[in-house]
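Right, one structure below, let's go through it.
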Amino acid sequence: MKKILISTLLIISAISLFAGSYAGDFMVIGSGVRALGMSGTFAAIADDASAIYWNAAGIAQIRNTEISLMRGYLYKDLATYDNVSICQPLPNKVTIGLNWTRLSIDDIPYFPESELVGTVDQRAVFPWLNLSGQPAGEFSSSDNLIQIAFSKHIHYDVNLGWLFFKIPFDFYFGGNIKYIKRKIDTTMATGAGFDFSYLARTDLSDVFDYTWLGDFALGMNFQDIGGTTISWETTSQREDKVLANTKIAIAYTQDIPKISSTWLFASDLDLVYERTVHFGTEFTYSDKASMRFGYQINRIDGQSNNLSAGASVKFYDFSIDYAFITSDLGNTNRVGLRVNF
């Protein structure tokens, strides 16, 4: 019975069959174990393949072919969440990428209304008229997101005049085209949209003339510009709309040469759904091992704030990532693999 109740809630909340403004909520889960370990504070970092989702402009920072894999079991193992991202650098500081994300729920109990006997009042008085609790069958649901991304890197030195100096900036411009396919039992819906994003980075040691200062980055991602429409293949031809979202993010990276380490601090702001604020930090030792933490403040109700933590270990060109994420629907573990070659 507990499984039946939880499955029913998931169908209503996670899949959002006819929930117009929340039709694309499965995409808010995000991609990449490393990014999720920092509570999704990644739009101003965006330096691995998961950046296709967080800030596609950042993939131009990737100058080797990279493949990222992720799997997670959500909502007390009732749903499976998979993600695959591939980035391929091209000449002239250009990088292209492909991202596939899938949320699936199997073995959902089915109780047809045709088996109901009598009215609601009659069933309340005569319990034997109620359903036996044995489902007539099971069905499954799936949500798929495919993104094709493009990014260009431009370096520019800002000349402040002969009395001053030049400040180096690295600018990244990119975007992605997305295709969404949703399926509940035999009913399908499809939609297409696009994102535009940019990222700017500079070395603060050049700006303030203190050699110990690190890098500062500013990122913005305009997701589902103008709203993305998802059309259902039903007789009513129902259309749901994914709301446009703007991500505004900053990040600061500080080198610690004495212990061959770096410390990264980042924060993201999502303007959709009455704003959500993310904070994250990552400590990396000798480019071999990392630890990270994150905190998310949900402004919708001010109460569903989530914590996250994660770690990575790198062996040659392989990085194994782990993240633990708290949620009102159940805490989850994510495991991922990143490969560079």
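A few comments on the model shown:
- Residue in the range 131-147 that is under 24 Å from Ala200 (Cβ atoms) and modelled with pLDDT of 80 or more present: yes
- Candidates Tyr198, Tyr210, Tyr179: the one that is at pLDDT 90 or above, within 26 Å of Ala249 (Cβ to Cβ) and either surrounded by fewer than 16 Cβ atoms within 10 Å (Cβ to Cβ) or charged (D, E, K, R) (or both) is Tyr179.
- Qualifying position, being of a type in the set (D, E, K, R) and at positive phi, among Asp185, Asp215: Asp185
- Candidate set from the range 263-284 (those that are at pLDDT 95 or above and hydroxyl-bearing (Ser, Thr, Tyr)); member that is nearest to the chain's Cα centre (by Cα): Ser267
- Among the candidates Ser304, Ser312, residue that is over 20 Å from Leu218 (Cβ atoms), hydroxyl-bearing (Ser, Thr, Tyr) and modelled with pLDDT of 95 or more: Ser312
- Residues of the range 1-45 that turn out to be at pLDDT 50 or above, outside any loop (DSSP other than H, G, I, E, B) and buried (at least 21 other Cβ atoms within 10 Å of the Cβ), as a count: 8
- Residue tally, condition out of contact with any Asp or Glu (no Cβ under 6 Å at 6 or more places or on another chain), over 20 Å from Ser267 (Cβ atoms) and outside any helix (DSSP H, G or I), over the range 46-68: 7
- Qualifying residue in the range 186-193 (condition: surrounded by 17 or more Cβ atoms within 10 Å (Cβ to Cβ) and farther than 27 Å from Ile59 by Cα): yes
- Qualifying positions in the range 310-330 - in contact with a Phe, Trp or Tyr (Cβ under 7 Å, 6 or more places away or on another chain) and surrounded by fewer than 16 Cβ atoms within 10 Å (Cβ to Cβ): Asp317, Gly330
- Among (1) at pLDDT below 95; (2) part of a strand (DSSP E or B); (3) closer than 20 Å to Gly294 by Cβ - the single one Met188 does not satisfy: (3)
- Scope the range 68-107; condition under 30 Å from Tyr198 (Cβ atoms), buried (at least 17 other Cβ atoms within 10 Å of the Cβ) and over 17 Å from the mean Cα position of the chain (by Cα); matching residues: Pro89, Thr95, Ile96
- Subset of the range 230-260 that is more than 28 Å from Gln296 (Cβ to Cβ) and not in a loop (DSSP other than H, G, I, E, B) - its residue that is modelled with the lowest pLDDT: Glu239
The values are calculated or read from the model by the stated rules, or taken from the named source; none is laboratory data. Just so you know, these numbers come straight off a predicted model, no measurement behind them. Glycine gets a Cβ as well: all are built from the backbone with ideal geometry, and neighbour counts include every protein chain shown.
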